[in-house]
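See below for the structure under consideration.
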Amino acid sequence: MNDQPDFPTNEPIDLVPIDSEKNTSNLVKMLIVIILIGIAVLAVLGYVYGRGTLASIYETRGMQYYSDGDLDRAMSEFEIAIKIKPDYASAYNNCGIVHAQKSELDEAIADFDKAIQFQPDFAKAYYNRGLAYDQKLDTEQAIADYAQAIAHQAGYVDAYLYRGIAYIAIDKPALAIADFDTVLYLQPDHAEAYDQRGVARAERFEYDQAIADFDKSIQLQPDRAEPYYNRGLAYQSNHDPERALADYSKAIALQPDHVEAYVGRGGTYIALGKFDLAIADFEKAISLRPDTYGAYSQRGFIYFLRKQYDRAIADFNQAIRIDTDKAEAYSRRGMANMANANVDGAIVDFSKAIFFQPDVASNYYARGLAYYSKGDLKKAIGDFNQAIKLSPKMSDAYFQRGNIYLRAQLYQQAVDDFGKVIEQKPKFAVAYNNRCWSYFKLGQYETALPDCEKSLLIAPDDSHTLDSRARVYEALGRISDAIADFEQIVKLGKDARLAKQSEEKIN
């Protein structure tokens with residue numbers, strides 16, 4: 001409401017004695033004039049002030065309806081207030097709140113726009129518009145509005161809190177922590193600020209500090225499920241599944257419909273190898289919310305581990321229908337398709353996963369394996385190259401690329417790749433054998449022999465390594481040693497083809 005203007009000052013009126021009819025008549029006329037002037041003044045003042053007063057009465061009544069949960073009648077009262085006073089910023093703000101409660105976010109934002117138009121320093125309207133943008137997943141605009149709310153109202157705790165939460169959503173945990181620090185400076189016992197700061201710290205892999213924040217949040221509000229759930233996530237990420245399990249269970253006890261806690265506990269059960277319990281949790285999550293992506297994705301993973309590939313693919317299909325942008329589900333379905341001999345389908349899935357997560361080395365590695373299995377060595381090497389570029393210590397990618405180089409008779413490149421594998425996995429017998437064979441094909445027999453012997457120290461009964469060493473012995477002219485290895489291959493009988501070749505060598 002506008003500030004009340006100054007009232008006009010009336011000039012003093014001289015009173016005259018009432019001692020004649022003339023005087024009486026004049027006095028009556030004067031009184032009539034004064035009354036008419038007063039009525040006019042009151043009419044003007046009533047128009048100026050009455051609009052605001054009447055509008056505020058409707059707004060107050062609307063707020064009562066809102067508190068009673070009658071959103072339609074509340075909206076009607078606010079709209080009447082606006083008709084009476086078209087520049088009524090507070091009423092527009094309240095209309096926006098009702099629209100937001102009814103999930104009519106565009107209408108809500110339009111109302112908050114009007115409130116801000118008529119009152120540019122209206123901190124609450126900026127804050128409410130930020131909440132609406134948050135619900136629309138327009139996080140950057142929400143952050144801008146929270147910042148405006150803070151600029152127009154010093155110490156606006158909720159604006160700092162929700163701006164911090166928004167920063168988490170766009171992966172800016174350091175900025176989030178700064179906002180939560182401000183909240184806790186202003187309100188040291190703010191349980192949710194501790195909880196959210198813990199989430200931000202967990203995003204930075206600062207699990208011990210995150211857990212300390214969750215502890216504080218639980219201490220302040222022991223009956224809230226969320227900090228238990230969040231602490232469970234931190235324990236799970238910090239490789240402490242037993243404590244994670246306890247926290248997820250506590251969150252479920254406090255809030256039996258906490259879908260994410262069931263999914264988290266199910267994931268922990270997977271880590272503990274308790275697959276039946278995990279499936280039970282995922283099914284509970286699905287019963288509570290049928291579009292729970294994580295429940296289908298993780299249950300499908302259990303089916304994959306159990307080699308129930310059709311059931312796994314069915315779950316991954318459902319996960320993808322729920323969220324078409326999740327690389328994880330495509331990658332997992334790709335693995336199931338590979339195991340189910342659908343190599344082309346696997347390549348399509350891994351390509352989708354790469355589209356959504358182009359910086360994840362494992363997706364290139366998996367697609368490289370698929371191309372390798374099809375005999376498309378050029379594309380396979382391209383994918384293994386990319387996997388190694390993204391993850392220089394991915395020994396499996398070096399190993400598979402080394403195998404392709406060996407097959408393509410690029411023996412020096414094969415030697416280099418198997419050497420990388422051995423650096424990272426010094427007890428990987430096959431890598432020593434493959435490097436032994438690569439040296440053999442290069443004619444470097446003396447260099448090859450130690451690798452074969454190292455491989456046999458790790459896996460003494462491996463027929464392929466015995467065959468490699470026998471051929472190295474043969475090339476070095478150590479025929480009796482070669483024959484001894486061939487005889488060992490025949491005796492083991494593990495590989496019919498090698499056994500037959502060994503008998504021919506012996507004979």
Using the heavy atoms of the protein chains and a 1.4 angstrom probe, tell me the accessible area per residue for the chain in square angstrom. 53 Å²
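Rounded to a whole number, what % of the accessible area of the stretch 94-165 do carbon and sulfur atoms account for, probe 1.4 Å? Please list the in-between numbers first.
Details: 1420 of 3180 Å².
That share works out to 45 percent.
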Please work out the Cα convex hull volume for the stretch 122-251 and give it in Å³ per residue. 96 Å³
Over the Cα atoms of the stretch 358-438, how large are the radius of gyration and the largest Cα-Cα distance (Dmax), in Å? 11.7, 35
Would you work out the charge dipole size for the stretch 201-332 about its Cα centre, treating the Cβ of every Lys and Arg as +1 and the Cβ of every Asp and Glu as -1, and quote it to the nearest 20 debye? 340 debye
Accessible surface of the stretch 260-317, 1.4 Å probe, proportion on carbon and sulfur as whole %: 51 percent
If every Lys and Arg gets +1 and every Asp and Glu gets -1 at its Cβ, then about the Cα centre the stretch 371-468 yields a dipole, in debye to the nearest 20, of 460 debye
If you look at just the Cα atoms of the stretch 287-343, how large are its Rg and its Dmax in Å? 10.5, 35
Counting only protein heavy atoms, what percent of the accessible surface of the stretch 397-507 is carbon or sulfur at a 1.4 Å probe? 47 percent
Label-point separation, residue 121 to residue 280 (7 Å along Cα→Cβ), nm: 6.1 nm
Could you compute Rg(Cα) / (2.2 N^0.38 Å) for the chain, with N its residue count? 1.65
Just to confirm a number: summing +1 for Lys and Arg and -1 for Asp and Glu over residues other than residue 483 whose beta-carbon lies under 14 angstrom from that of residue 483, what do you get? -2
Evaluate the stretch 261-411: find the radius of gyration of its Cα atoms, find its Kirkwood radius, and give the ratio Rg to Rh. 1.04
What does the charge dipole of the chain about its Cα centre add up to, to the nearest 20 debye, if the Cβ of each Lys and Arg holds +1 and the Cβ of each Asp and Glu holds -1? 2460 debye
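The values are calculated or read from the model by the stated rules, or taken from the named source; none is laboratory data. Everything numeric in this text was worked out from a predicted model, so none of it was measured. FYI the Cβ positions are ideal-geometry reconstructions off the backbone, even for glycines, and counts take in every protein chain you see. Protein only, heavy atoms only, side chains kept; ligands, DNA and RNA dropped before computing areas. Shrake-Rupley method; radii C 1.70, N 1.55, O 1.52, S 1.80 Å.
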